[in-house]
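**Student:** Have a look at this one before I ask anything.
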Amino acid sequence: MKSTMPQLEIGSLKAKLPIVQGGMGVGVSLSKLASAVADEGGIGVISTAAIGRIKPDSNESDSAILREVIRETKGMTKGIFGLNIMMAISDFSEHLKVAIEEKVAVVFVGAGLPLRVPEIISVDRARDCFTNLVPKISSSRAAQAICKFWDRHYSIAPDALVLEGPKAGGHLGFSMENITNPDFSLEVLLPEVIRVIAPYEQKYGRSIPVIAAGGVYSGEDIHKFIEMGAQGVKMGTRFVATNECDVDSNFKQAYVDCTEEDLILINSPVGLPGRAIKSKLLDDISRGLTKPLNCLWKCLKSCDLKQAPYCIAEALSNARNGDLVNGFAFAGANAFRIKEIVSVKELMGTLVEEFNLARRLKV
């Protein structure tokens, strides 16, 4: 079916569909998923978090393995794909360096505010770099802080922004109290962000696209947020339940089987709230039990090895490999709506069809 969705433009990039696949770790979104989404006209995303765990017996560095995954993905698709790199990981700078050297189209920067550009990339290179830099934010205050700082100190603006609301899966940029507060819903936050970035769009004579994320489930949702002023959406949860997702079938089935009551908020060892599917490990932790840490290296800057009740990288890696007893799966608030595993092509077709219907009904 022909899509009536608008294209998503980030810098010189033009994605046929305004759909960015969420970059999910550990090892949930890699070459297979990212390339499939890119082939269908969206933007596929590889998560770099603890990427070395996909090769547990390798002596290669995470950065070397990341480089291999990027090159593998390039060989699988001619479409657009990028990376999701958390500022909280210890090798953030190394991963970003690899992305730029490999001419990755776009890097989504999360888990921290990327204010000081020289700590990330030289100012001159930021202006001329092939790689588009897209910070992930959870408030208009964060958008204002980034735009103001980059403008004042470097005379540049972000290539785009991802606004992630409190219905997302994984780590959330909200206090536990505000996650369920309607004043912090994505529908409330989006107009605020669009308003605060408008002066910077005017100053630099270009659009700073806002990509809405967190709880975006259907084509109708995509239509709603684009009507509100977003230029695209980011979706993670829907893409887990696809044939191409880079995880064990048990992981995918956990999404299909979960109920709304199975989706819980947890306090992550990272120091942020998170949304996940109930598991034995999480039940044990909630009862005060701890799991011995077998830390290969301190992959997260904020990790307190003496205080952490378990290793989150190990737990997520276990789940990715199908062990949901000694691990758990992060998931968005709408994961319980998933009833089957489909191909990426089928999913994208469904989203286009739903979007087209919503647009016709609006007219």
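The values are calculated or read from the model by the stated rules, or taken from the named source; none is laboratory data. What you see is a predicted model; the values in this text were computed from it and never measured. Here the Cβ positions follow ideal geometry from the backbone for every residue, glycine too, while neighbour counts run over all protein chains shown.
**Student:** Restrict the check to the range 267-280 and report whether at least one residue is modelled with pLDDT of 90 or more, surrounded by fewer than 18 Cβ atoms within 10 Å (Cβ to Cβ), on the phi < 0 side of the Ramachandran plot and not assigned by TED's automatic domain parsing to the domain that holds Leu33.
**Tutor:** Within the range 267-280, one or more residues are modelled with pLDDT of 90 or more, surrounded by fewer than 18 Cβ atoms within 10 Å (Cβ to Cβ), on the phi < 0 side of the Ramachandran plot and not assigned by TED's automatic domain parsing to the domain that holds Leu33.
**Student:** Quick one: how many residues across the range 9-29 are surrounded by fewer than 24 Cβ atoms within 10 Å (Cβ to Cβ) and either in contact with a His (Cβ under 7 Å, 6 or more places away or on another chain) or of a type outside the set (Gly, Ala, Ser) (or both)?
**Tutor:** Residues that pass the stated criteria total 5.
**Student:** State which residue pairs qualify: first residue closer than 13 Å to Asp248 by Cβ and inside the range 320-341, second residue surrounded by fewer than 19 Cβ atoms within 10 Å (Cβ to Cβ) and among the hydrophobic types (A, V, I, L, M, F, W, C) in any location, beta carbons under 8 Å apart, and separation of 6 or more residues or different chains.
**Tutor:** Filtered contacts from the range 320-341: Ile341/Val256.
**Student:** A further question on this structure: Restricting attention to the range 245-265, does a residue exist that is among the aromatic types (Phe, Trp, Tyr) and under 16 Å from the mean Cα position of the chain (by Cα)? Step through it out loud before you land on a result.
**Tutor:** Let us first name the residues in the range 245-265 that are among the aromatic types (Phe, Trp, Tyr), namely 251, 255.
Next, from what is left, pick out any that are under 16 Å from the mean Cα position of the chain (by Cα): none.
No, the range 245-265 contains no residue that is among the aromatic types (Phe, Trp, Tyr) and under 16 Å from the mean Cα position of the chain (by Cα).
**Student:** Checking Pro199 against (1) of a type outside the set (D, E, K, R); (2) exposed (fewer than 14 other Cβ atoms within 10 Å of the Cβ); (3) modelled with pLDDT under 95, only one condition comes out false. Which one?
**Tutor:** Among (1) of a type outside the set (D, E, K, R); (2) exposed (fewer than 14 other Cβ atoms within 10 Å of the Cβ); (3) modelled with pLDDT under 95, the lone unmet condition for Pro199 is (3).
**Student:** Could you figure out which of (1) without any contact (Cβ under 8 Å) to a residue 40 or more places away in the chain; (2) in contact with a strand residue (DSSP E or B) (Cβ under 9 Å, 6 or more places away or on another chain) isn't true of Glu261?
**Tutor:** (2)
**Student:** Can you tell me which residue within the range 150-168, out of those that are assigned to a loop (DSSP other than H, G, I, E, B) and of a type in the set (A, V, I, L, M, F, W, C), is surrounded by the most Cβ atoms within 10 Å (Cβ to Cβ)?
**Tutor:** Only one residue tops the list, namely Ala168.
**Student:** Answer yes or no: is there a residue in the range 176-186 that is buried (at least 20 other Cβ atoms within 10 Å of the Cβ), of a type in the set (A, V, I, L, M) and at pLDDT 95 or above.
**Tutor:** Yes: one or more hits.
**Student:** Here's another thing I want to ask about it. Can you find a residue that is in contact with a Phe, Trp or Tyr (Cβ under 8 Å, 6 or more places away or on another chain) and either in a helix (DSSP H, G or I) or not assigned by TED's automatic domain parsing to the domain that holds Thr242 (or both) anywhere in the range 96-104?
**Tutor:** As a first pass, look at the range 96-104 and keep what is in contact with a Phe, Trp or Tyr (Cβ under 8 Å, 6 or more places away or on another chain): 100, 103-104.
Then drop every residue that is not either in a helix (DSSP H, G or I) or not assigned by TED's automatic domain parsing to the domain that holds Thr242 (or both), which leaves 100.
Yes, the range 96-104 contains a residue that is in contact with a Phe, Trp or Tyr (Cβ under 8 Å, 6 or more places away or on another chain) and either in a helix (DSSP H, G or I) or not assigned by TED's automatic domain parsing to the domain that holds Thr242 (or both).
**Student:** For the range 344-354, state whether one or more residues are part of a loop (DSSP other than H, G, I, E, B) and in contact (Cβ under 8 Å) with a residue 12 or more places away in the chain. If you could, list the steps in order and put the result at the bottom.
**Tutor:** Going residue by residue through the range 344-354, those that are part of a loop (DSSP other than H, G, I, E, B) are none.
No, the range 344-354 contains no residue that is part of a loop (DSSP other than H, G, I, E, B) and in contact (Cβ under 8 Å) with a residue 12 or more places away in the chain.
**Student:** Which of the residues that make up the range 223-247 are assigned to a loop (DSSP other than H, G, I, E, B) and either without any contact (Cβ under 8 Å) to a residue 12 or more places away in the chain or surrounded by fewer than 16 Cβ atoms within 10 Å (Cβ to Cβ) (or both)? Before the answer, list the steps.
**Tutor:** Within the range 223-247, the subset assigned to a loop (DSSP other than H, G, I, E, B) is 228-231, 236, 241, 243-247.
Selection gives Met228, Gly229.
**Student:** Something else: How many residues does the range 321-341 hold that are surrounded by fewer than 17 Cβ atoms within 10 Å (Cβ to Cβ) and either basic (Lys, Arg) or outside any loop (DSSP other than H, G, I, E, B) (or both)?
**Tutor:** The number of residues fulfilling the criteria is 2.
**Student:** Out of everything in the range 133-175 that is within 17 Å of the chain's Cα centre (by Cα) and modelled with pLDDT under 90, what residue ends up being farthest from Gly82 (Cα to Cα)?
**Tutor:** Step by step, filter the range 133-175, then rank; the result is Phe174.
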